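The values are calculated or read from the model by the stated rules, or taken from the named source; none is laboratory data. What you see is a predicted model; the values in this text were computed from it and never measured. Here the Cβ positions follow ideal geometry from the backbone for every residue, glycine too, while neighbour counts run over all protein chains shown.
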């Protein structure tokens, strides 16, 4: 796993603000909005780190996180939404493997 | 109602991605002048408008507004003024107050569309955080943002194709039949 710093303090605080306020507004919103809020945070984190990320991470971010707006459009179709999120989960798991000591076996 | 007015209603859309193109003060004032004509229950006028143009303030607002996807050049915040509610013995739970928010919001969005601007409402934000960022008086309850700007030329977010709904799908004539 790379030890490069990819997030500035201000960017981290901004993401923290998004997460805290998302937690609060989720109490007033339909339950199925929760994944959308987490995906919004994911997008903002990705936007913040993509320029400083390693080539491997950047490939993951650009290849997968940029699919999130399209995925959000399927929100009303629960099965398609779940399938899209499952796909994203598989991709991030693959990314984790490639960053780990198991990376050579995983790629 | 003229065909122009009907066409304005039919063609207005909620816009979630906006360009950096600025909105003039004159345009905002035109929209606010229209908003003042929005119907209000009992003509009590409990809505107050807070306009935010400053770039850094807008950035901070967006950070505590998870539902604000737009980076709009201008924001109009619709607040309920609790002083007016107290003056007229209106409980904060009075749903009619939210109808006033709705009529003002729709009037703002139609006015914006009428002068060639895009708009989009946002209610997913932390009221507590917004009150701090804008230093709102205690009597102001922030109920809805209307983002005002210009629609982005190319949008990253594809438009979902919604099922076509006609007024007939939404309307029932006269009394409902007995079971």
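General remarks:
- Those residues of region A:63-83 which are assigned to a helix (DSSP H, G or I) and within 13 Å of chain B (Cβ to nearest Cβ), in sequence order: A:65, A:66, A:67, A:68, A:69, A:70, A:71, A:72, A:80, A:81
- Test: residue B:122 is within 14 Å of chain A (Cβ to nearest Cβ), buried (at least 21 other Cβ atoms within 10 Å of the Cβ), modelled with pLDDT of 95 or more and within 30 Å of residue A:72 (Cβ to Cβ): yes
- Qualifying residue in region B:151-161 (condition: over 23 Å from residue B:21 (Cα atoms), modelled with pLDDT under 95 and within 13 Å of chain A (Cβ to nearest Cβ)): yes
- Residue within region B:76-92 that is under 28 Å from residue B:151 (Cβ atoms) and surrounded by fewer than 22 Cβ atoms within 10 Å (Cβ to Cβ) present: yes
- Some residue of region A:15-29 being surrounded by 18 or more Cβ atoms within 10 Å (Cβ to Cβ) and more than 11 Å from chain B (Cβ to nearest Cβ): no
Residue-by-condition table, conditions (1) under 24 Å from residue B:43 (Cβ atoms); (2) out of contact with any strand residue (DSSP E or B) (no Cβ under 6 Å at 6 or more places or on another chain):
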{"position": "B:102", "(1), (2)": "yes, yes"}
{"position": "B:105", "(1), (2)": "yes, no"}
{"position": "B:127", "(1), (2)": "no, no"}
{"position": "B:147", "(1), (2)": "no, no"}
{"position": "B:166", "(1), (2)": "no, yes"}
{"position": "B:170", "(1), (2)": "no, yes"}
{"position": "B:175", "(1), (2)": "no, yes"}
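- The lone exception for residue A:52 - which of (1) touching a residue at least 24 places away in the same chain (Cβ under 8 Å); (2) surrounded by fewer than 17 Cβ atoms within 10 Å (Cβ to Cβ); (3) more than 27 Å from residue A:5 (Cα to Cα) it fails: (3)
- Where helices (runs of 4 or more DSSP H) fall wholly inside region B:50-158, the ranges with 1 or more residues that are within 26 Å of residue B:8 (Cα to Cα) are B:95-114.
- Of the residues making up region B:31-49, those that are surrounded by 14 or more Cβ atoms within 10 Å (Cβ to Cβ), part of a loop (DSSP other than H, G, I, E, B) and touching a residue at least 60 places away in the same chain (Cβ under 8 Å) are B:38, B:40.
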